[in-house]
Amino acid sequence: MKEYTKEEVTLLEKVRLERETKDLIKEANQEVFNVFTVLRKKNDECLHTAFIAHLLDPERGHGMGNTFLKLFVDRVFKDDEFSFDYNTQNISVHSEKPFSTFGRIDIILKNGRDECIVIENKIYATDQPNQLIRYKKAIENDFGKWKILYLSLGGQSPSGNSLEYNEKSYVEEDEYICISYSDHILKWLEECHKEAFDRPTLRETIKQYLFLIKRMTGNDLDSARINRIDSLLKNNLFLAKDILKKFEVNQALLKSNEKEDSDRYHEIEKWNDEAEVISARFSVVKKDLILALYRELLDLLEKSIGSNSDDVWKFKDQLSIKKWTGFKLSNSSWPEHFYISVQAQSNLDSQETILGIQANEKYFNRDKLNEFLRERGVVQRRKSKEWPTYWAITDFGKKGEIILLTDATKRSDFLKKNMKDFKELVSKVKDIPFDTIKLK
C-alpha cells in the first residue's frame with residue numbers, strides 16, 4: 001500500500017472539511033442508505049458495468065425500450081461525427097464479454113446496421129498493456145462503424161501503452177472518446193430518472209445509483225464547495241497528482257485483496273472518500289488550467305498580430321472542452337480552409353497540443369503548397385491530410401509538463417516561445433500565391 005505523506009494528508013484534511021457539513025445534512029435527509037453500497041463495494045467496476053449495461057439494453061426488464069440508450073448516444077456523441085442507430089430491432093448489449101485472445105470487453109453495443117460501441121469502464125484500475133489496441137482488433141474487421149468509449153471518474157485519458165504497441169499498431173485519436181462519470185454518466189442518469197417518472201421502482205433505483213455517482217465524483221456537494229475544492233487542487237496540483245497516483249495503486253491492491261498489515265491499511269483507507277473526490281476532480285481542474293494557458297497565448301497573439309498592419313486578421317476561438325479545442329488564425333487575403341492553428345483533442349490533459357498550418361488536401365494542391373513552404377523556409381516536421389506541417393508544442397500526458405501550469409517562469413517562457421513560432425509561421429506564409437494552389 002502507498003502511504004500518504006504529511007503534506008498530502010493536510011490536503012486530504014482540507015477536502016474532508018468541505019464534505020463534513022454536507023454529510024450531516026445528508027444524514028438528516030436519510031440519504032446515507034444506498035442499496036448499491038450495501039450489496040457491493042462502491043468501487044466495484046463489475047457493479048457499475050452491470051447496471052449501466054442493463055439500462056442501455058432495450059430488451060432488459062426496465063420496460064423503457066430504447067429510451068435510455070437514445071439518451072446515452074445523443075449525449076455522448078453530440079460533438080462527434082460518429083452515429084449509432086438506436087431505432088433498429090436488432091440491438092444487443094453485452095457486459096463482460098470475452099473475445100478469444102483479445103480479452104474481456106466491459107460493455108459492447110451492436111445493432112443490425114454494422115455499427116458498434118465498446119465501453120471500457122475504468123473507475124480506479126490502471127490500463128492493461130495494449131488494452132484498447134486489443135479491443136480495436138476485436139471489432140475493427142467485423143463492423144463498418146465503431147467507436148471506443150473510455151469511461152473514468154473524471155474523464156482521464158487512457159495510458160500510452162494502452163493506445164500504442166508500435167508504429168503499425170495503435171488506436172487513432174478519432175477512434176475513441178474519453179467520457180466521465182462526473183459529467184456524461186451523471187447527466188445521463190438525471191435524464192433517465194426524469195423519463196422513469198411513472199415507474200416508481202425503476203425511478204428510485206436510478207435515484208439510488210445517481211446518489212452513489214454523485215458521492216464518488218464529489219457532485220453531492222453544492223457548487224460553492226466544489227469550487228473551493230477545485231481551488232485547493234489548483235493551488236496544490238503536484239500534491240493532488242501524487243495523491244491520485246497512490247489512490248489508484250491502493251484501489252488496485254484492494255481489488256486484488258493484497259492487503260498488507262491491517263493498521264497501515266486502515267490508516268490509508270480512512271482517506272478514501274477524500275482521495276476519491278480528488279480523483280474525480282483532478283482531470284477537470286487540470287483541463288481548466290490548460291485552457292487558461294492557451295487562452296493567455298491567444299490573448300497575447302490577438303494583441304500582437306496585425307497591430308501594425310492594414311491586413312484584416314481574424315482569430316477563431318475554439319477553446320472549450322469539445323472533440324477538438326484550440327484557436328486558429330485567418331486573413332482577409334487567404335482562401336477559406338487555410339489557417340495557422342493551435343489545436344488539441346478534448347483529452348488535452350494527456351495528449352499533444354499542436355501548432356501548424358491547417359490546409360486540407362481536398363482544397364489545396366499539396367505538392368505546390370509544399371514547394372512554396374520550402375521556398376519560404378517553413379520546416380515540414382510532421383504532416384497529415386489536414387495539416388501540411390505541424391509540431392507538438394506540449395504534451396501534458398508526459399511527466400514534468402504539468403510545471404507549465406504552476407511555475408510562472410516556465411509559463412512565461414512557454415508563451416514567449418510559442419508566440420514567436422506562431423508569428424514567424426504567419427510571416428512566412430502570408431504572401432503565398434493562393435490562386436495557384438487552390439483546387440477548383
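The values are calculated or read from the model by the stated rules, or taken from the named source; none is laboratory data. None of the values given here were measured: they were computed from a predicted structure. Cβ: placed from backbone, ideal geometry, glycine included. Neighbour counts: every protein chain shown.
For segment 360-385, name all the residues that are in a loop (DSSP other than H, G, I, E, B) and closer than 25 Å to Leu415 by Cα.
Arg376, Gly377, Val378, Val379, Gln380, Arg381, Lys383
Do we find a residue being modelled with pLDDT under 90 and not in a helix (DSSP H, G or I) anywhere in segment 221-244?
Yes, because at least one residue in segment 221-244 is modelled with pLDDT under 90 and not in a helix (DSSP H, G or I).
Go through (1) of a type in the set (Phe, Trp, Tyr); (2) more than 30 Å from Lys246 (Cα to Cα); (3) under 19 Å from the mean Cα position of the chain (by Cα) and name the single condition Phe99 misses.
(3)
Here are some residues: Ile393, Ile402, Ile340, Ile357. Which one is in a strand (DSSP E or B) and surrounded by fewer than 21 Cβ atoms within 10 Å (Cβ to Cβ)?
Ile393
Going by the structure shown, is Thr67 surrounded by 15 or more Cβ atoms within 10 Å (Cβ to Cβ) and among the polar types (S, T, N, Q)?
Taking the combined requirement at face value, the residue satisfies it.
Going by the structure shown, is Phe327 modelled with pLDDT of 90 or more, outside any helix (DSSP H, G or I), at negative phi and among the aromatic types (Phe, Trp, Tyr)?
Here the answer is yes, as Phe327 does meet what is asked.
Any idea which residue in segment 198-222 is surrounded by the most Cβ atoms within 10 Å (Cβ to Cβ), counting only those that are charged (D, E, K, R) and within 28 Å of Val15 (Cβ to Cβ)?
Arg215
What are the residues in segment 293-315 that are at pLDDT 75 or above, among the charged types (D, E, K, R) and over 17 Å from Thr353 (Cα atoms), if any?
Asp299, Glu302, Lys303, Lys314
Return the residue satisfying two criteria in turn: it lies in segment 405-440 and is assigned to a loop (DSSP other than H, G, I, E, B) and farther than 19 Å from Gln380 by Cβ, and of such residues it is modelled with the lowest pLDDT.
That would be Lys440.
List the pairs whose first member sits in segment 173-191 and is in the same structural domain as Ser159 (by TED's automatic domain parsing) and in contact (Cβ under 8 Å) with a residue 12 or more places away in the chain, whose second member is aromatic (Phe, Trp, Tyr) and crowded, with 23+ Cβ neighbours inside 10 Å, and whose Cβ atoms are under 6 Å apart, counting only residues at least 6 apart or on separate chains?
That search, which allows pairs on different chains as well, returns Tyr176/Tyr150; Cys178/Tyr150; Trp188/Phe72.
Against the conditions (1) of a type outside the set (A, V, I, L, M, F, W, C); (2) farther than 25 Å from Gly63 by Cβ; (3) free of Cβ contacts under 8 Å to residues at least 60 places away in the same chain, where does Lys207 fall short? Just the number, please.
Tallying (1) of a type outside the set (A, V, I, L, M, F, W, C); (2) farther than 25 Å from Gly63 by Cβ; (3) free of Cβ contacts under 8 Å to residues at least 60 places away in the same chain, Lys207 fails exactly one: (2).
Could you give me the residue pairs with C-beta distances under 9 Å whose first residue belongs to segment 379-391 and is free of Cβ contacts under 8 Å to residues at least 60 places away in the same chain and under 17 Å from Glu424 (Cα atoms), whose second residue is of a type in the set (D, E, K, R) and buried (at least 16 other Cβ atoms within 10 Å of the Cβ) wherever it lies, and which are 6+ apart or on separate chains?
What qualifies is Pro388/Glu361; Pro388/Arg366.
Scan segment 187-222 residue by residue and report those that are of a type in the set (A, V, I, L, M, F, W, C) and under 17 Å from Phe282 (Cα atoms).
Within segment 187-222, Ile213, Met216, Leu221 meet the criteria.
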